[in-house]
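Taken together, the values in this text are just the output of simple stated rules run on the coordinates, not laboratory data. Just so it is clear, the model here is predicted, and its values are computed rather than measured. Positions of Cβ are generated from backbone atoms using ideal geometry, with glycine treated the same way; all protein chains shown enter the neighbour counts.
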Amino acid sequence: MSRIGKMPIPVPEGVVVTIRGSEVAVKGPQGELRRRFSPDMKIRLADGQLAVTRPSDDRNHRALHGLTRTLLANMVQGVTAGFERTLEIVGVGYRVQQQGENLVLNVGFSHPVEVVPLPGVKLTAEGTNRIKVTGIDKEIVGEMAARIRRIRPPDAYKGKGIRYAGEVVRLKPGKAGKAIGR
């Protein structure tokens, strides 16, 4: 059995789970999420806990078992607490500004870059060098954070650019050939 797949998901107070065939809707204080799962996976709600079972030990069913359970757990967590991803901007003159719901990034290009949030995501500029991406769907929050990072990924030599909070950028050594050759 899958160690992750067989773990039950506790459903907190105030969260309503509706199961219709292979579609599951989870509604909580933060909002509502819907997702369609594989019809092979059996999802049950009993005693305030969600449980996922698989029909056989087939390779495909084993793979879907843990995935289905994790996606359900993310849905429950999203509607109760939500998800958050923080990005840092590193570099002289690099900064971020909030303009309504959008962000304007100055990251070394000849023009400022405007970032429009995906539906269901909120972007917040904290100071001039931190961006907070929040939302209830973990997948969309991660996608939005990746799109922002892709605008100016960290440079391998100086470390300038946009990086996730806590990300360690390994810097390459610069040129040293001239000083050694003499």
Handout entry: lysines whose Cα lies under 26 Å from that of residue 175, excluding same-chain neighbours fewer than 8 positions away
Key = 158, 160
Fill in the blank from the handout: Computed over region 110-182, the convex hull of the Cα set has an average projected area, in nm², of 7.1
Problem - Potential extension, residue 6-residue 53 segment - 0.36 nm per residue separation minus Cα distance - result: 16.2 nm
Practice task
Using the charge dipole of the chain (Lys, Arg: +1 at Cβ; Asp, Glu: -1 at Cβ; taken about the Cα centre), state which of 91, 65, 121 has its Cα farthest towards the positive end.
Solution key: 91
Practice task
Mind checking region 107-174 for chymotrypsin sites (Phe, Trp or Tyr not before Pro) that DSSP puts in a loop (not H, G, I, E or B) and that have at most 15 other Cβ atoms within 10 Å?
Solution key: 109, 157
Practice task
Extending each Cα 7 Å along its Cβ direction at residue 22 and residue 71, get the distance between those two points in nm, one decimal.
Solution key: 0.9
Exercise for the section: Enumerate by residue number the GluC sites (Glu not before Pro) in region 1-108 meeting two conditions: DSSP loop (anything except H, G, I, E, B), and at most 15 other Cβ atoms within 10 Å of the site's Cβ. Expected result: 13, 101
Problem - Angstrom value of the Kirkwood radius, inverse mean 1/r, which spans all Cα pairs in region 9-80 - result: 12.3
Handout entry: Net charge contributed by nearby residues that have their C-beta within less than 11 Å of residue 34 (K/R +1, D/E -1)
Key = +1
Problem - Computed helical MRE - 222 nm, the chain, DSSP H runs ≥ 4 contributing -39500 (n - 2.57), nearest 500 - result: -7000 deg cm²/dmol
Practice task
Pick out, in residue order, every one of the trypsin sites (Lys or Arg not before Pro) in region 51-112 that is DSSP loop and has at most 15 other C-beta atoms within 10 Å; say none if there are none.
Solution key: none
Fill in the blank from the handout: extent check for the chain: Cα max minus min per principal axis, descending, whole Å, gives 73, 45, 22
Problem - Förster-model FRET efficiency, 41 Å R0, residue 35 and residue 98, C-beta, rounded to 0.05 - result: 0.85
Problem - Net +/- balance of residues flanking residue 71 in space, Cβ distance below 14 Å, scoring K and R +1, D and E -1 - result: +2
Handout entry: Per-pair calculated FRET efficiency, R0 = 41 Å: residue 62 and residue 124 via Cβ, rounded to 0.05
Key = 0.55
Handout entry: Counted charge near residue 172, where neighbours are those whose Cβ lies closer than 14 Å (Asp, Glu -1; Lys, Arg +1)
Key = +3
